[in-house]
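The values are calculated or read from the model by the stated rules, or taken from the named source; none is laboratory data. Fair warning: this is a prediction, and the values are worked out from it, not measured in the lab. In this analysis, Cβ positions are derived from the backbone assuming ideal geometry, glycine residues included, and neighbour counts consider all displayed protein chains. SASA here: full protein model, heavy atoms, side chains in, ligands and nucleic acids out. Shrake-Rupley method; radii C 1.70, N 1.55, O 1.52, S 1.80 Å.
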Amino acid sequence: MPTPVPPRTYRATLSGVAVNAFGNGLMTPYVISWLAALPHGSTRVAGILFGATGAGQLIATLYAGRLLTLVPPRKVLAGALSLSALAALLLTLAGGLPAAAVLLFLLGSAQGIASAAQAAVLGSLTLAGGREDRVWSHLQVVLNLGQGLGFLAGGYMVTGNLADTMRPVFLVNAATFALFAAVVYVVLPRHSPAAPGTREDATGSYREVLRQPHPRRLLIADGIYFTFGIGFLLLLPLLASEARLLSLRQVAVLLAANTVIIICLQLPVSRVAGRLNRPTAVRVFFLGASAAWLLLVVGLQLGSRTAALVIAWAAVFLFSLTECLHTACLVPQLPEAVSETNRPRILALHVFASKTGLIAGPALGGVLMGYGVEWAWVSAACLLTVPALFPPGRRPATASKRPSGAAAPVSDESVSGPARRAPSSSGE
């Protein structure tokens, strides 16, 4: 029976996650503006370079799924965070676009590996009472709290000449990476190391994961939610500009409220969701997300600024509840749907789906809004009902050798990568 992680160690780990999320929230929103402000920079060049960084992150995330079957997740996470700290530190010295592009690509790739490794490390924690499912609710709370505070602090730190004011931002972000790496390597428990993994030992593959109907349906549902749910949430500023019923300041308040609602309600919603069977809970949150976007369409049709604002608040509140349910109900099923060897891979695919959805959602939404604002949101609402009509269902009894809810401790002997799931990185 695995030994539960001590509460002090667990709290220290979540604190490291929160500090790291603060650093990312501090830096990420201003990177494109900083690139455009560099010598020979422009918004077009900045967008291309930022997109290349995202591509590096996606590729590295998939590679991490394989790497985690060969190297202990704790070491992978500490190494990726250390590399991220070095890249962020060197960004303080970048004075031109070529150096900035190389370092941002390095930082993005390191963060892609770190995201998958963080899922594996936190997913292998064993809590007293066997409540490992709460790890992801706690993680959702600290990620949103850290990023929200980072966004707020960034608004005060990044002023005037971006080339100068971004240097302390990069320095703070490097410090948060280094601090989290220290927490992972020093604070998390160590156990007797087993023989290192080999390519022969690391069985399983992405093809094997995607060939199984149940994991495949879970991942498709996950991707739909990130693309047409959270991805469309990021389109609210564009919606405000096109419909002209909401101001950008009101939208900013709505997005901030989304973060606050998740922080306040994630744990209560998780407790309520624990009393529902998972297929029912999955139906509820997909139908809720669909209803939220249909509410927005109703608000647009009314043509009143006051009515549109009231309905937008209702829609964002409802959608925030679905984000809490997503973390509590769908994400926990991912690692339980496959064998232990393939758990790092399905977690990497989950992170890949989140990052891809946050890129594809706004892109597709922007194209659809060119044909009509209402049609874009109606289309998203319709696509969100598909997983509700055809829910992933229950895990086959033979999918995993370990009972649901059981997890291995964080250790160097976890070479085969026993891991659970990662929450949405709406702020990754």
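Return yes when Leu62 is touching a Phe, Trp or Tyr at 6+ places or on another chain (Cβ under 8 Å), over 23 Å from Thr13 (Cβ atoms), open to solvent by 10 Å² or more (accessible area, probe 1.4 Å) and in contact (Cβ under 8 Å) with a residue 40 or more places away in the chain and no when it is not.
Numbers: touching a Phe, Trp or Tyr at 6+ places or on another chain (Cβ under 8 Å): yes; over 23 Å from Thr13 (Cβ atoms): yes; open to solvent by 10 Å² or more (accessible area, probe 1.4 Å): yes; in contact (Cβ under 8 Å) with a residue 40 or more places away in the chain: yes.
Judged against the criteria, Leu62 is a match.
Looking for whichever is within 27 Å of Ala120 (Cβ to Cβ), in contact with a Phe, Trp or Tyr (Cβ under 9 Å, 6 or more places away or on another chain) and either of a type outside the set (Gly, Ala, Ser) or in a helix (DSSP H, G or I) (or both) here; the options are Leu70, Leu83, Leu103. Which one fits?
Leu83
Looking at the structure I just gave you, is Val378 open to solvent by less than 10 Å² (accessible area, probe 1.4 Å) and in contact (Cβ under 8 Å) with a residue 24 or more places away in the chain?
no
Considering only residues that are open to solvent by 30 Å² or more (accessible area, probe 1.4 Å) and either under 22 Å from Leu143 (Cβ atoms) or modelled with pLDDT under 90 (or both), which ones fall in region 106-120?
Restricting attention to region 106-120, the residues satisfying the condition of being open to solvent by 30 Å² or more (accessible area, probe 1.4 Å) are 106, 113.
Matches in region 106-120: Ile113 only.
What number of residues within region 331-355 satisfy the criterion of being at pLDDT 85 or above and open to solvent by 50 Å² or more (accessible area, probe 1.4 Å)?
1
Considering only residues that are closer than 12 Å to Leu162 by Cα and in contact (Cβ under 8 Å) with a residue 24 or more places away in the chain, which ones fall in region 18-35?
Selection gives Met27, Tyr30, Val31, Ser33, Trp34, Leu35.
With the requirement that a residue be aromatic (Phe, Trp, Tyr) and at pLDDT below 80, what does region 31-71 give you?
Correct list: Phe50 only.
Filter region 314-367 down to residues that are touching a helix residue (DSSP H, G or I) at 6+ places or on another chain (Cβ under 8 Å) and either free of Cβ contacts under 8 Å to residues at least 40 places away in the same chain or within 15 Å of Ala116 (Cβ to Cβ) (or both), then give me how many there are.
Qualifying residue count for the region: 22.
Among the residues of region 14-31, are any touching a helix residue (DSSP H, G or I) at 6+ places or on another chain (Cβ under 9 Å), loosely packed, with under 15 Cβ neighbours inside 10 Å and assigned to a helix (DSSP H, G or I)?
no
How about region 309-330: which of its residues are more than 21 Å from the chain's Cα centre (by Cα) and open to solvent by less than 10 Å² (accessible area, probe 1.4 Å)?
Across region 309-330, the qualifying residues are Ala312, Ala315.
Somewhere in region 41-52, is a residue in a helix (DSSP H, G or I) and under 18 Å from Gly154 (Cβ atoms)?
yes
For region 244-265, does any single residue satisfy the condition of being within 20 Å of Glu374 (Cβ to Cβ) and of a type in the set (Gly, Ala, Ser)?
yes
Which of the residues that make up region 211-230 are surrounded by fewer than 17 Cβ atoms within 10 Å (Cβ to Cβ) and either without any contact (Cβ under 8 Å) to a residue 12 or more places away in the chain or among the acidic types (Asp, Glu) (or both)?
Scanning region 211-230 gives Arg211, Pro213, Arg216.
If you take the residues of region 87-100 that are in a helix (DSSP H, G or I) and of a type in the set (A, V, I, L, M), which of them is farthest from Phe180 (Cα to Cα)?
The extreme case among them is Leu97.
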